[in-house]
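Here, each number is a calculation from the coordinates, and none is a lab measurement. Fair warning: this is a prediction, and the values are worked out from it, not measured in the lab. All Cβ positions, even for glycine, are placed from backbone atoms using ideal geometry, and neighbour counts span all protein chains on display.
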Amino acid sequence: MRILIAAPPKTGNMWLKCMLGLIYDLKWVKNAELPLPELTAFKEWVDNGGFRDGTIFHQHYRYSDEFCRAVEAVPAHLVTIIRDPYDAFVSSYFTIQQRAADNNLGRSKSTVLAGKPLHHPDVLTYLENGVYRGNLRRADEWLHSGRAVVLRYEDLTHDPMGALARATDQIAAVAPERIARAIEECSAENMRQRRGMAKHVRKATVGDSKNHLGEEHFRIFRERYGDLIRRLGYEVR
């Protein structure tokens, strides 16, 4: 058994990896061992024995038919997770602030958000320029690909047993007791207490964006991202 979770950042990747890893007794591939998130690096990594049996990892791969074929040839199960775009953006914003405070910012267009309040003109310009569309396109591609088991963050929050039962039925059916144990052990509080996990799990709630975004944010989301928000199955605010 091998599982690869391919999804955009801040959609619940770590949480889902924790639960599926426990359900199927899979070890996490260490970050230092992971290939770059592109097709050639993935194939070389697999050829070199990097994707060992009994492991799980997540990475922010974009969908392509060739990539899916490469994963299926391992063989491994592809899983993706979708989250409300407003909540995912707010979660990304706070992660960037945390990384900036830790002097751990990488090189990306989102670094312009570091050290600035959510209503800062630079943050609004970042959204206005459509930079965030990349994450939503990635989610849209996986959601509609038909090549991955799809879960929604909101379903995992409101009905984790039901969401995971549907997902595991598509991967490999398991006893409800295994799902229940994974849900308990991978609660937000338990994950925060795990070494190195506190910075990955902030609110772990649905609708947190309503506490942080203002009308100008919502206007930009409507005008620049409304089409993708609808395709992902969420309400445009």
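Quick notes
- Sequence-ordered 3J(HN,Hα) estimates for the stretch 114-119 from the Karplus curve with 6.51, -1.76 and 1.60 and θ = phi - 60° stand at 5, x, 10, x, 4, 8 Hz, glycine and proline given as x.
- Peptides 170-177, 219-226 ordered by packing proxy, namely the average of other Cβ atoms within 10 Å per residue, highest first: 219-226, 170-177.
- Ordering of 162-168, 147-153 by packing is 147-153, 162-168, highest average first (other Cβ atoms within 10 Å, averaged per residue).
- Extending 7 Å from the Cα toward the beta-carbon at both Asn103 and Thr40 defines two label points whose distance is 3.4 nm.
- Cys residues of the chain counted as unpaired, since no other Cys beta-carbon is under 4.7 Å: Cys68
- For the stretch 2-231: relative contact order, % (alpha-carbon pairs under 8 angstrom, 6 or more apart): 26 percent
- Each peptide in 109-115, 48-54 gets a packing score, the mean of other Cβ atoms within 10 Å over its residues, and the list from highest to lowest is 109-115, 48-54.
- Spin-label proximity, Gln170 to the stretch 82-114 - amide N less than 17 Å from point 7 Å beyond Cα toward beta carbon: 82-84
- You can think of it this way: the chain between Glu33 and Ala180 has 49.9 nm of extra reach, that is 0.36 nm per residue less the Cα-Cα gap.
- Cβ-Cβ distance of Glu223 and Thr111, R₀ of 25 Å, FRET efficiency by 1/(1 + (r/R0)^6): the value works out to about 0.55.
- Positive minus negative residues near Pro35 (Lys, Arg vs Asp, Glu; Cβ under 11 Å): -3
- The lysines within cross-link reach of Lys210, meaning a Cα-to-Cα straight distance under 25 Å and a gap of 8 or more places when in the same chain, are Lys10, Lys109, Lys116, Lys199.
- For Thr125, the shell of other residues with beta-carbons less than 15 Å away shows a net charge of +1, using +1 for Lys and Arg and -1 for Asp and Glu.
- Rg/Rh, computed from the Cα trace of the stretch 2-231 with Rh as the Kirkwood radius, has the value 0.95.
- Axis of helix 160-171 versus longest Cα principal axis of the chain: the two differ by about 50°, to the nearest ten degrees.
- Inter-label distance, Glu189 to Ala73: 4.8 nm, where each label sits 7 Å from its Cα along the C-beta direction.
- Local net charge near Arg222, Cβ-Cβ under 14 Å (Lys/Arg +1, Asp/Glu -1): -1
- Within the straight-line cut-off of under 15 Å between alpha carbons, the aspartates and glutamates reachable from Lys43 are Glu33, Asp65, Glu66, Glu72, sequence neighbours fewer than 8 places apart in one chain being disregarded.
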